[in-house]
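The values are calculated or read from the model by the stated rules, or taken from the named source; none is laboratory data. Remember, it's a predicted structure, so these values are computed and weren't measured experimentally. Neighbour counts run over all protein chains shown; Cβ positions are idealised from the backbone, glycine included.
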């Protein structure tokens, strides 16, 4: 059983601030697929220092929405937003350093930006820094730290974190080996993931289930049924 990470979050930030009319007009345009108009509304806000607009421009350059894909420009806008404390931008900037997209690959920088976002409660960034600790990239390898960050994200309902936490419990990495909790986290992940990711979670769940006694399996299933996510502060 292996842990893994999803790459990039290409979601826009629906936050209104100064320039609210232009902001909303940009959202309306984006929703109907008129990316050129969305850009024309958001770019002036971004140039005025509007962090969410800067992030959205980064997402559009990153995904090639309404303009040619350009990772260097994406990094530019992510950085401007990230430096203002915008957690999704901090996460995505970390991913760009992690993958070497628009910047030279630099795991130390990736960890820096993941950590800033993770400390703000950003679940995907918590998965990202957990993965870096799991693999010793940009930080010394430390399973206990990996578990710490995976758990924070898993408790918010982040399915990849739940998967990875299940792996850690199954293998006894960073935590005492516990097949009941491994089953619980794998089962929760399987309920939310799709495609091959779900197939992997289901496979892990079944492997762990084969190692449980009937009473332990009932307990693990009950823990899964009664688990509730903890919203971030």
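Quick rundown of the values:
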| read-out | value |
| --- | --- |
| Options 49, 58; residue that is surrounded by fewer than 17 Cβ atoms within 10 Å (Cβ to Cβ), at pLDDT 90 or above and within 22 Å of residue 91 (Cβ to Cβ) | 49 |
| Residue list for the stretch 197-211, filter: modelled with pLDDT under 95 and farther than 22 Å from residue 156 by Cβ | none |
| Residues satisfying the stated conditions in the stretch 77-106, i.e. surrounded by fewer than 18 Cβ atoms within 10 Å (Cβ to Cβ) and in a helix (DSSP H, G or I) | 99 |
| Flag if residue 184 is in contact with a helix residue (DSSP H, G or I) (Cβ under 9 Å, 6 or more places away or on another chain), at pLDDT 95 or above and more than 26 Å from residue 136 (Cα to Cα) | yes |
| Qualifying residue in the stretch 65-83 (condition: assigned by TED's automatic domain parsing to the domain that holds residue 102, at pLDDT 95 or above and on the phi > 0 side of the Ramachandran plot) | no |
| Within the stretch 37-64, tally of residues that are within 21 Å of the chain's Cα centre (by Cα) and touching a residue at least 24 places away in the same chain (Cβ under 8 Å) | 11 |
| Test: residue 27 is buried (at least 21 other Cβ atoms within 10 Å of the Cβ), at pLDDT below 95 and over 27 Å from residue 111 (Cα atoms) | no |
